[in-house]
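Chemist: One structure, as structure tokens, below. Some questions next.
The values are calculated or read from the model by the stated rules, or taken from the named source; none is laboratory data. Being a predicted model, the structure only gives us computed values, none of them experimental. Here the Cβ is made from the backbone with ideal geometry for all residues, glycine too, and neighbour counts use every protein chain on show. The accessibility values were calculated without ligands, DNA or RNA, using every heavy atom of the protein model including side chains. Shrake-Rupley method; radii C 1.70, N 1.55, O 1.52, S 1.80 Å.
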Amino acid sequence: MENGVAKMETPTNVTIKGILGLLMANLDYENKKRVISLGMGDPTAFSCFTTTSVAEDAVVDALTSQKFNGYSPTVGLPQARKAISEYLSINLPYKLSPDDVFITAGCTQAIEVAISILARPNSNILVPKPGFPIYELCAAFRNVEIRHFDLLPENNWEVDLDAIDALADHNTLAIVIINPGNPCGNVYSYQHLEKIAETAKKHKVVVIADEVYGHLAFGQNPFVPMGVFGSMVPVLTLGSLSKRWIVPGWRLGWFVTTDPNSMFKNTKTVERLKKYFDICGGPATFIQAAVPRIIKETSDTFFMKTLDILKHTSDVCMKKIEDIPCLTCPTKPQGSMAMMVKLNVSLLNDIHDDVDFCFKLAKEESVILLPGLTVGLKNWVRITFAAEPSLLEEALERVKTFSRRHSYDTNGYI
């Protein structure tokens with residue numbers, strides 16, 4: 001309290017954009033090297049990643065039709081909700097209704113909605129480490145406690161289910177599952193997702209399924225939506241057009257109640273959701289209007305091209321990292337657009353930790369990597385491999401040069 005008024009504290013949580021802004025500010029533009037950023041999950045920064053002409057034409061036609069210049073319903077245009085419900089139902093053992101779908105301004109707003117709707121006094125949410133720091137930030141604004149469970153790098157970043165059993169209590173609201181994984185590049189098997197669902201059922205909690213990278217799987221495991229287990233445990237599915245269609249700036253996302261037995265989705269909850277969306281600003285109406293055509297007419301060829309590029313660039317990353325002794329990757333990426341790499345600072349004579357590594361790398365080599373501390377793992381770094389292959393190779397060559405320069409033993413480098 002201050003002068004009889006409750007004092008509002010600003011959350012101090014680290015964000016990806018905040019750290020990347022500081023790294024960019026630390027660049028030395030006098031070294032004349034072009035900046036290569038492998039820190040942000042925005043593939044549009046590279047010319048090899050472009051959206052399909054179907055999506056562009058659909059947006060242009062919706063805009064120029066003059067039919068979508070007004071407000072949309074706060075829960076989203078009916079035709080967009082219907083198209084998304086049908087799109088998601090393809091991979092589910094039951095059919096979603098358009099009423100299950102709420103349109104959001106990207107997946108980030110869907111995260112904020114999920115935490116806000118669930119929040120209650122003294123509650124907590126279980127979140128993966130490493131993970132996506134927006135969950136911590138949203139929870140901080142809602143006074144929801146975050147409890148971290150480990151992802152196991154030696155087991156393809158699977159969830160430590162024993163940790164969930166230890167962390168969950170009567171105040172636990174939900175378990176967050178990010179699949180395909182950001183920042184780890186993992187794709188969970190059907191069997192592992194089933195075990196997660198069983199664990200959530202045991203603790204009587206909701207699963208928040210962050211599937212913003214849905215279908216971006218190019219390894220051994222196919223993408224399985226968590227909603228497949230919606231009859232066992234209520235699932236809140238979060239997603240967007242951003243990654244699969246390579247349009248993150250369009251801010252078209254969704255919050256979906258994949259809960260066929262209405263364990264979570266009762267009349268009171270639905271009414272609460274509708275009221276909450278009355279205070280939320282969703283995507284532009286003409287973007288929503290384009291969704292049915294975007295989903296219906298995008299060809300599999302477009303999707304396969306994106307997957308082929310991501311598989312190739314992830315392979316490039318793995319190969320180049322093998323030549324940098326201070327970096328190791330325990331698990332080859334299977335999906336999404338990023339991977340976690342372990343940093344051995346004991347091999348470097350004037351690097352204290354991952355943050356120091358990334359800031360000095362930015363200053364000396366104009367290469368941006370994300371410190372692992374940002375996503376919950378000290379002395380790791382996240383590398384986004386959704387980049388032009390030639391620029392990816394150049395960036396990692398610079399990382400190799402930087403690491404040699406700061407190494408105790410330069411003979412360890414090829």
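Chemist: Assuming 1.002 mPa s and 20 °C, estimate D for the range 134-193 with Stokes-Einstein, Rh taken as the Kirkwood radius over Cα pairs, in µm²/s.
Modeler: 167 µm²/s
Chemist: With a ≥ b ≥ c the root eigenvalues of the C-alpha gyration tensor of the range 87-135, is it rounded (a/c under 1.5), prolate (a/b larger than b/c) or oblate?
Modeler: Since a/c reaches 1.5 and a/b is larger than b/c, the shape of the range 87-135 is classed as prolate.
Chemist: Counting other Cβ atoms within 10 Å, which trypsin sites (Lys or Arg not before Pro) in the range 198-236 have at most 13 and lie in a DSSP loop?
Modeler: For trypsin sites (Lys or Arg not before Pro) across the range 198-236 that sit outside H, G, I, E and B with at most 13 neighbouring Cβ atoms in 10 Å, the list reads Lys204.
Chemist: So what does Phe286 come to for accessible area, using a 1.4 Å probe and Å² rounded to 10?
Modeler: My reading of the accessible area for Phe286 is about 50 Å².
Chemist: Next up: How many percent of Cα pairs in the range 315-387 exceed 17 Å?
Modeler: In whole percent, the long-distance tail amounts to 41.
Chemist: Next up: Order Arg382, Arg272, Arg147, most accessible first, counting only protein heavy atoms with a 1.4 angstrom probe.
Modeler: Per-residue accessible area, sorted high to low, gives Arg272, Arg147, Arg382.
Chemist: While we're on this one: Ordering Leu347, Leu167 by how much accessible area each has at a 1.4 Å probe, largest first, what is the list?
Modeler: Accessible-area ranking of Leu347, Leu167, largest first: Leu347, Leu167.
Chemist: Something else now. Using only the alpha-carbon atoms, what does the chain span along each of its principal axes? Please give whole angstrom values in decreasing order.
Modeler: 67, 54, 51 Å, listed from the longest principal axis down.
Chemist: Where in the chain lies the longest segment free of GluC sites (Glu not before Pro) that are both loop residues by DSSP (not H, G, I, E, B) and have at most 15 other Cβ atoms within 10 Å?
Modeler: It runs 10-321.
Chemist: While we're looking at this one, here's another question. Among the helices of the chain (complete DSSP H runs), which have Cα atoms covering no less than 30 Å along the helix axis and a Kyte-Doolittle mean of at least 0.0?
Modeler: Qualifying helices: 300-321.
Chemist: Using modelled backbone amide H atoms (1.01 Å from N, in-plane), which distant-in-sequence or interchain residues come within less than 5 Å of Phe149's amide H?
Modeler: Val127, Lys129
Chemist: Taking just the C-alpha trace of the range 118-224, give me its Rg and Dmax in Å.
Modeler: When restricted to the Cα atoms of the range 118-224, Rg and Dmax are 13.4, 42 Å.
Chemist: With N residues in the range 192-274, what two-decimal value do you get for its Cα radius of gyration over 2.2 N^0.38 Å?
Modeler: Relative to the rule-of-thumb radius for its length, the range 192-274 sits at 1.19.
Chemist: So, one more: At a 1.4 Å probe radius, which order do Thr172, Thr401 fall into by accessible area, largest first?
Modeler: Thr401, Thr172
Chemist: Mind checking which of Thr331, Ser89, Ile177 is farthest towards the positive end of the chain's charge dipole, using Cβ charges of +1 (Lys, Arg) and -1 (Asp, Glu) about the Cα centre?
Modeler: The Cα lying farthest towards the positive end belongs to Ser89.
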